[in-house]
1. From the list B:VAL203, B:VAL262, which one is in contact (Cβ under 8 Å) with a residue 60 or more places away in the chain and over 19 Å from B:THR52 (Cα atoms)?
2. If B:ALA138 satisfies every condition in (1) in a helix (DSSP H, G or I); (2) in contact with a Phe, Trp or Tyr (Cβ under 6 Å, 6 or more places away or on another chain); (3) open to solvent by less than 10 Å² (accessible area, probe 1.4 Å) but one, which is the exception?
3. Evaluate the following for A:ASP55: is it open to solvent by 50 Å² or more (accessible area, probe 1.4 Å), touching a strand residue (DSSP E or B) at 6+ places or on another chain (Cβ under 9 Å), more than 14 Å from chain B (Cβ to nearest Cβ) and within 24 Å of A:GLU208 (Cα to Cα)?
4. Report yes if some residue within segment A:164-182 is away from chain B (no Cβ under 14 Å), on the phi > 0 side of the Ramachandran plot and touching a strand residue (DSSP E or B) at 6+ places or on another chain (Cβ under 6 Å); otherwise report no.
5. Out of curiosity, is B:GLU172 open to solvent by 40 Å² or more (accessible area, probe 1.4 Å) and either away from every other protein chain (no Cβ under 14 Å) or farther than 25 Å from B:LEU47 by Cα (or both)?
6. Looking at (1) open to solvent by less than 60 Å² (accessible area, probe 1.4 Å); (2) closer than 30 Å to A:HIS304 by Cβ; (3) in contact (Cβ under 8 Å) with a residue 12 or more places away in the chain, find the lone condition where A:PRO217 falls short.
7. Would you point out the residue of segment B:155-169, among those that are aliphatic (A, V, I, L, M) and open to solvent by 10 Å² or more (accessible area, probe 1.4 Å), that is nearest to B:LEU115 (Cα to Cα)?
8. Tell me, which residue of segment A:109-136 that is outside any helix (DSSP H, G or I) and surrounded by 14 or more Cβ atoms within 10 Å (Cβ to Cβ) is nearest to the other protein chains (Cβ to nearest Cβ)?
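The values are calculated or read from the model by the stated rules, or taken from the named source; none is laboratory data. What you are looking at is a predicted structure, and each value in this text was computed from that prediction instead of being measured. Reconstructed Cβ throughout: ideal geometry from the backbone, glycine too, with neighbour counts over all protein chains shown. The area values use the complete protein model at the heavy-atom level, side chains included, leaving out ligands, DNA and RNA. Shrake-Rupley method; radii C 1.70, N 1.55, O 1.52, S 1.80 Å.
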Amino acid sequence: MGIEIRGINKNFGDFVALEDITLSVPTGQLTALLGPSGGGKSTLLRIIAGLESSDSGTIEIEGVDTTNVPAQKRNVGFVFQHYAAFKHMTVEKNIAFGLEIRKRPKDEIKERVQELLKLVHLEQWSHRLPSQLSGGQRQRMALARALAIQPTVLLLDEPFGALDAKVRKELRDWLRRLHDEMHVTTVFVTHDQEEALEVSDSLVIINEGRIEQIGTPDDLYDRPASDFVLSFLGPVTMLGDRMIRPHDIEISPYEQAAIVSGKITRWTRVGFEIRLEVTPDDVLHPNPVHVVLTRTEATALGIHEGDQVWLRPQVGADQVTS
Amino acid sequence: MASHRVRPKTAGTYVRRGIVLTYLFLLVVWPVSLIAQHTFGNGFGNLHTALTDPAVTSALRLTIYVSIWAVAINTVFGVGISLLLTRYTFPGRSILSALIDLPLSVSPVVVGLALLLAYGGTNGLFGPALNSAGFQVAFATPGIVLATTFVSLPLVIRELVPVLTEIGTDQEQAARSLGAGPWQTFRRITLPSIRWALVYGVVLSLARSLGEFGAVKIIGGNIAQQTQTATLVVEQKYQDFEQPTAYATSFLLALIAVAALVVVTVLRPKENPDGD
């Protein structure tokens, strides 16, 4: 149940956009498709919505084979990165569009629109045109418009990609709360790993048209199946012959059993965080190791740029042997 | 959105304005106003003479009839071809796009001749067949409509294509995902977005149709009170030493076109409501 995707292939000319994608999205969950730009995740979402056709494979939504059903009959809510607001209609009319197309009675439309306006906090803006709204408001309107038709599944294509960092964060929290109330099966595409880790129930990592790994955010972060997943979900560095996250490295100014010893050759402070580069003494492996620690930790250790330090993985750190 | 900066006015500002205004005056305003001046040189007499001349009234009627048909046809096909050019990819699209400008670059006289070769009643390629079916094209109203449609074909399309390209397909896809079929999407989303470009294209087509001369002269044959359009009657009256009637008819032709442009300019919303 939910969305069943089987054996989807899609080529654009010579370019392989999707290769044999098989995926099942459970009902009522919030699933993120995460991956680098151009990796095929948006294409997959558009194929689920029927806005794009696949070369082969099938799509089933809640047990109904929709592979050959046109977009307007799939009952799918779609939210676009650039809002796709109907510019000549007021907020109210935008939200009512899907219901008017379905020829619902006027009273019912009015009631439903009011409900949705309240849900997305746009009550006072109902008679404005989209051009009079901010980006965040426009995207909330687009979301209300998609929810108005009571879609079987809600699909969001980089929904917060065009917004500034602060609004992004707000809308992200708000989407999560909204989903907890509505429980509509939701798939959203993003290239922002923080967004995906924070919001989703389950994560699908897509790269170069293929699924790299599927799992809960914790699964993927703690047990990455490949270097790609590890490095995509957060910063990584090489400590000896292992990939490790820079904040999982234990740094000490005193000689200790260590994998790498070296000098601090770079010191960057970003807010509470200190980012270091340690150049190993081992001339055969001269690539600098990145280490991240808080300012408080650095002060407590009493380390400074140019100091000799010893590095080893912290207890319980995730590593992948390369 | 661009802020309206007021730059200090220097001598250069006035020189530039002066050049533009003089140019426009000498090229457009002054000659056209002379037509009006000659029309009303002795009050409404000339206009009255023209409007009681059956050759003139029948020509004006024919011109308006032909223009309405040509504009209607070009509106429907213009919208269709514009959508085809901007919303679909198919082999030969760039050739089609280039072909659409052909009517603007080929002399209307050539258009008239070409249509005569295709639809001429005795020697044309399709003419005899159509004739025997009781449908005369050349030297009749259908031929004039055909020629007028041909020469004003690109105007609607050239107005619509940039607008359709700019608005993109996001809104249309959103409408589709909300359950709207192709026709509903067109009527409720696409059409309102291109409305003003379409109106402008229609007005330009109308102005062009009213003024067509060469093509209709050849395909229509310039038969008085049958296939003589308003522009042809102006030429004939001018050559027959009935200049006042020629001026009055010219004035009426210009008046219709200018009135249409003025109405559109007044109606067109001042602000640019682009929701970006």
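1. Within the list B:VAL203, B:VAL262, the selection yields B:VAL203.
2. (1)
3. Details: open to solvent by 50 Å² or more (accessible area, probe 1.4 Å): yes; touching a strand residue (DSSP E or B) at 6+ places or on another chain (Cβ under 9 Å): yes; more than 14 Å from chain B (Cβ to nearest Cβ): yes; within 24 Å of A:GLU208 (Cα to Cα): yes.
It is true that A:ASP55 is open to solvent by 50 Å² or more (accessible area, probe 1.4 Å), touching a strand residue (DSSP E or B) at 6+ places or on another chain (Cβ under 9 Å), more than 14 Å from chain B (Cβ to nearest Cβ) and within 24 Å of A:GLU208 (Cα to Cα).
4. No: segment A:164-182 contains no residue that is away from chain B (no Cβ under 14 Å), on the phi > 0 side of the Ramachandran plot and touching a strand residue (DSSP E or B) at 6+ places or on another chain (Cβ under 6 Å).
5. On the way: open to solvent by 40 Å² or more (accessible area, probe 1.4 Å): no; either away from every other protein chain (no Cβ under 14 Å) or farther than 25 Å from B:LEU47 by Cα (or both): yes.
Against the criterion (open to solvent by 40 Å² or more (accessible area, probe 1.4 Å) and either away from every other protein chain (no Cβ under 14 Å) or farther than 25 Å from B:LEU47 by Cα (or both)), B:GLU172 does not qualify.
6. (2)
7. Only one residue tops the list, namely B:LEU155.
8. Step by step, filter segment A:109-136, then rank; the result is A:LEU129.
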